[in-house]
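The values are calculated or read from the model by the stated rules, or taken from the named source; none is laboratory data. In this text, all values refer to a predicted model and were calculated from it rather than measured experimentally. For neighbour counting, all protein chains shown are included, and Cβ atoms are generated from backbone atoms with ideal geometry for every residue, glycine included. Please note that ligands, DNA and RNA were not included when accessible areas were found on the heavy atoms of the full protein model with its side chains. Shrake-Rupley method; radii C 1.70, N 1.55, O 1.52, S 1.80 Å.
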Amino acid sequence: MKDLTQCVVTPNVKTEGFASLGPAIHRASTIVFENAEAYAKRGERGHDGYSYGLYGTPTTRTLEEKLTRLEQGVRTFLLPSGQAANTIAMLPFLKAGDKVLIADTTYPPLRDFANSELTRFGIDVDYYDAVDPADLESRIDTRTKIVWCESPGSTTMEVQDLPRIAEIAHRYGALVGFDNTWATPLYYKPLTLGADIVTEALTKYVSGHSDLLLGSLTVADESLIAPIRTALGRYGIGVSPDDAALALRGFETLGIRLKHAEAGAQALIAEIARHPLVTRVLHPALPDCPGHAIWKRDFTGANGLFSVLFTPAATPHVASALDVLNTFSIGASWGGTHSLMAPMPVKAHRTARPWKEEDLILRISVGLEDPEDLMTDVTALLAEITARVERQAPA
Ligand SMILES: Cc1ncc(COP(=O)(O)O)c(C=O)c1O
């Protein structure tokens, strides 16, 4: 072999005797075939074979297999973000004239996708009250092909009764899709409670370090594999094995991070909830959170994400008071090792059950920092909001 060829060719080295605990990272667009016949027959390799990098590598399949087992489904697909997982969970099953019913409390960018993209293709989009199955029953009809759930709801944390929702949806022949990002497959298993498709924004708790975007979609039934796999190929959607490896690494510590974040959240909630300028704290493990009884019945744990509602006098000061934070950062993508706060508007994203409380909610994601530093920040924030309210109050 000439030098230039040596530069290009990958030498075979001994792998026997090498066993590591971390998954190998396989990068590939091209898959090479042992002979011309194998190449000609590559289409026969099926969903589990390798024929092109877009359709998966051993690294991405390793993460997919882990998710399939944890979700108790039959097959998982990875996508470049949680949002992509949610949109691709819908697209292959819809055509003009169909209808989609989406929980009113769903992640706002998914509403945006439905309102602007699905309607552009002649698909009817409607929203149902997430905590009132009778409202779903009153809106559903035989044109409905997908009933979408997200529980607990984005920012406002309402817990949905999935078995009841699935019973209604299936009676009309609709598929049930479920965004399980909050609970992760460790604390909730939607496919065992009636969902047909479960999605995760792995970007959040699973990867856990705020440094990658990734989503997953797991199906309960073999018949759902082909439409999704075909759509992914047609749209040209695949993910990087490096990102999959990072998510696999994050998975190893998921259990312990969730427990730690929940304990940290409970300590902060106890302090925040008794403050006179706070009207409510929203977290499924709190008895007054809508759907708490369902959370207790169906979930096996909670995490470190919660929301705080302030009085009408305090709410206008919340966003600017965040400037006093030291340990917390201001940012939206929750579930990482760094604690975050983000002011979130709600009213514009609720139509089936209009939001009647203050529009702005403070969403808090507790990470892994020392609890004392987090408490110091929370105390300073509450003091700053109080000072601003008092400065404005008439003498
Ligand atoms: C519940 C939920 N689903 C999906 C997503 C989207 O995930 P990604 O940021 O990976 O697109 C988010 C992001 O905040 C989310 O909160």
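Here are a few things to note about the model shown:
- Cβ crowding within 10 Å averaged over residues, with 235-244, 14-23, 119-128 ranked highest first: 235-244, 119-128, 14-23
- Legend: residues 289, 7, sorted from most to least accessible area (1.4 Å probe; ligands, DNA and RNA excluded), read 7, 289.
- Of 95/347; 2/41; 66/204; 66/259; 189/259; 66/296, pairs whose Cα-Cα distance is over 28 Å: 95/347; 2/41
- Looking at the chain, the accessible area is 46 square angstrom per residue; that uses a 1.4 Å probe and ignores ligands, DNA and RNA.
- Accessible area of residue 193 (1.4 Å probe, protein heavy atoms only, ligands and nucleic acids ignored): about 40 Å².
- Computed [θ] at 222 nm, deg cm²/dmol, the chain (DSSP H ≥ 4; -39,500 (n - 2.57); rounded to nearest 500): -10500 deg cm²/dmol
- Alpha-carbon centroid distance for the pair the stretch 162-189 / the stretch 328-344, whole angstrom: 27 Å
- Shown in residue order for the stretch 226-235 are the 3J(HN,Hα) couplings computed by the Karplus curve 6.51 cos²θ - 1.76 cosθ + 1.60 at θ = phi - 60°: 4, x, 6, 4, 5, 4, 4, x, 5, 6 Hz (x for Gly and Pro).
- The portion of the accessible surface of the stretch 271-355 made up by carbon and sulfur, rounded to a whole percent, is 59 (1.4 Å probe; DNA, RNA and ligands excluded).
- Inter-part distance, the stretch 224-278 to the stretch 96-140, computed on C-alpha centroids, equals 24 Å.
- Cα convex hull of the chain - mean projected area over all directions, nm²: 24.3 nm²
- Out of every Cα-Cα pair that the stretch 254-392 contains, those further apart than 27 angstrom amount to 18 percent.
- With R₀ set to 22 Å, the beta-carbon distance separating residue 313 from residue 333 gives a calculated FRET efficiency near 0.15.
- The C-alpha radius of gyration of the stretch 220-263, expressed as a fraction of 2.2 N^0.38 Å, stands at 1.72.
- Around residue 119: net Lys/Arg minus Asp/Glu count, Cβ-Cβ under 12 Å: -2
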